[in-house]
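The values are calculated or read from the model by the stated rules, or taken from the named source; none is laboratory data. Here the structure is a predicted model, which means the values were calculated and not measured. With ideal geometry, Cβ positions are generated from the backbone for all residues, glycine too; neighbour counts draw on all protein chains shown.
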Amino acid sequence: MAEIKDKILLMQNPFPYSFNEKRYHTFNYYLKTHYQQKVSKVIIDAGFTCPNRDGFKSTGGCIFCSQLGSGDSNVALHENILKQFEENRKVMDNKWPNSLYIPYFQSYSNTYGPLDKIRNMIEPFLKMDRVAEIAIATRCDCLEEEVIKYLDSICEIKPVWLEIGLQTSNDECGKILNRMYDFKDFVEAIQRLSKTNIKVCVHVMNGLPFETKDDMLKTIKDIAGLPFDAIKIHMLHVIKGTRLAEMYQEKPFELISRDEYIELVVRQLELLNPKVVIQRLTGDPLKDELVAPDWVLNKTTILNDIDKLMRKLDTYQGYRFEQ
């Protein structure tokens, strides 16, 4: 019955999960329909690392990953995560007083460690009235069963998001990225999480070295039928101090143009289930750390032009989605 109701809703309005006539399922729509007020993410560095950088598995990390652990934003550099939260929360309060918050443990892989460390990271926030949800960035190979069980158990207190980096379903490109896991490993993790109450946000990246536009579309086709709740689509940006930057400076590889990216994202949105929440459609690189491409710095105009192209083509998220 619910599926029939959703189909009727889509027939009446091809993009019902958004405000301001956007034609994709905006994160703003998800948050405001759940909480009826502004909700802001507050970035926290909880001092985790990653199996690609740490211990006997160390391979130097993914080639695009910076010293911030692939995070794009500066965070308050306190070891105490509550002090970090308070300082970054105050910045949000200046923009949006009395909003709710999502502590976002962004840097590196925040389930890569002992369960006690993960508990200590999360539990101070579970009793905070103004904390709406918890978001945790990690990898598909850092999800031990005891960690999944713990995160599932606290979903009754606060909704929990796991943000899982995939970047691409192309395993050959994954090897170039030094990702150190295969697409089948990612799929297996998503299937395990689908049996819990944990929400999943998948990260994919356009413009990866040696990938074609067809490869980037194939990544979306490969994941479109999987049980996940949200997606972040990023444009690859080359950051200083990474192995990718060294590769680019030694032998510059072609990066897709701004117009190509906008067209590609629209085609990717068409392939996604309209119920999937779109948390991002481009990144937020730090200007002083960026090597290329310069156009990614103009986030607002990129998003505006995605909207314009969708209206021009009279298309919307899910237009080509196949169940």
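Kindly evaluate CYS155 against the criterion of being surrounded by fewer than 22 Cβ atoms within 10 Å (Cβ to Cβ) and under 22 Å from LEU272 (Cβ atoms).
Working: surrounded by fewer than 22 Cβ atoms within 10 Å (Cβ to Cβ): yes; under 22 Å from LEU272 (Cβ atoms): no.
Here the answer is no, as CYS155 does not meet what is asked.
What number of residues within the range 267-322 satisfy the criterion of being in a loop (DSSP other than H, G, I, E, B), closer than 20 Å to HIS203 by Cα and charged (D, E, K, R)?
Total meeting the criteria: 2.
In the range 53-88, which residues are surrounded by 18 or more Cβ atoms within 10 Å (Cβ to Cβ) and either under 18 Å from ASP141 (Cα atoms) or at pLDDT 80 or above (or both)?
GLY61, CYS62, ILE63, PHE64, CYS65, GLY69, SER70, ILE81, GLN84, PHE85, ASN88
Looking only at the range 175-184, count how many residues are within 18 Å of the chain's Cα centre (by Cα) and assigned to a helix (DSSP H, G or I).
Of the residues in that region, 2 qualify.
Would the range 150-166 turn up any residue that is more than 17 Å from the chain's Cα centre (by Cα), farther than 15 Å from THR219 by Cβ and free of Cβ contacts under 8 Å to residues at least 12 places away in the same chain? Walk me through how you get there before you give the answer.
First, pick out the residues of the range 150-166 that are more than 17 Å from the chain's Cα centre (by Cα): 150-158.
Filter once more, keeping what is farther than 15 Å from THR219 by Cβ: 150-158.
Restricting the remaining residues to those that are free of Cβ contacts under 8 Å to residues at least 12 places away in the same chain gives 153.
The answer is yes, given that some residue of the range 150-166 is more than 17 Å from the chain's Cα centre (by Cα), farther than 15 Å from THR219 by Cβ and free of Cβ contacts under 8 Å to residues at least 12 places away in the same chain.
Criterion first (under 30 Å from PHE321 (Cα atoms), among the charged types (D, E, K, R) and free of Cβ contacts under 8 Å to residues at least 40 places away in the same chain) does GLU254 satisfy it?
Judged against the criteria, GLU254 is a match.
Report, ordered by the first and then the second residue, all pairs with beta carbons closer than 9 Å, sequence separation of six or more or different chains, a first member in the range 80-98 that is within 16 Å of PRO124 (Cα to Cα) and among the charged types (D, E, K, R), and a second member that is modelled with pLDDT under 90 and surrounded by 10 or more Cβ atoms within 10 Å (Cβ to Cβ).
Within 9 Å, the pairs are LYS83/ALA76; GLU86/ALA76; GLU87/VAL75; GLU87/ALA76; GLU87/HIS78.
Using the structure shown, decide if LEU264 is over 20 Å from TYR30 (Cα atoms), modelled with pLDDT under 95 and within 19 Å of the chain's Cα centre (by Cα). Before the answer, list the steps.
Details: over 20 Å from TYR30 (Cα atoms): yes; modelled with pLDDT under 95: no; within 19 Å of the chain's Cα centre (by Cα): yes.
When the stated conditions are applied, LEU264 does not pass them.
Looking at this structure, is GLU123 surrounded by fewer than 20 Cβ atoms within 10 Å (Cβ to Cβ), within 19 Å of GLU156 (Cα to Cα) and of a type in the set (D, E, K, R)? Steps first, please.
Working: surrounded by fewer than 20 Cβ atoms within 10 Å (Cβ to Cβ): yes; within 19 Å of GLU156 (Cα to Cα): yes; of a type in the set (D, E, K, R): yes.
Spelling it out, GLU123 is indeed surrounded by fewer than 20 Cβ atoms within 10 Å (Cβ to Cβ), within 19 Å of GLU156 (Cα to Cα) and of a type in the set (D, E, K, R).
Which of the residues spanning the range 157-199 are in contact with a Pro (Cβ under 7 Å, 6 or more places away or on another chain) and within 22 Å of LEU126 (Cβ to Cβ)?
LYS199
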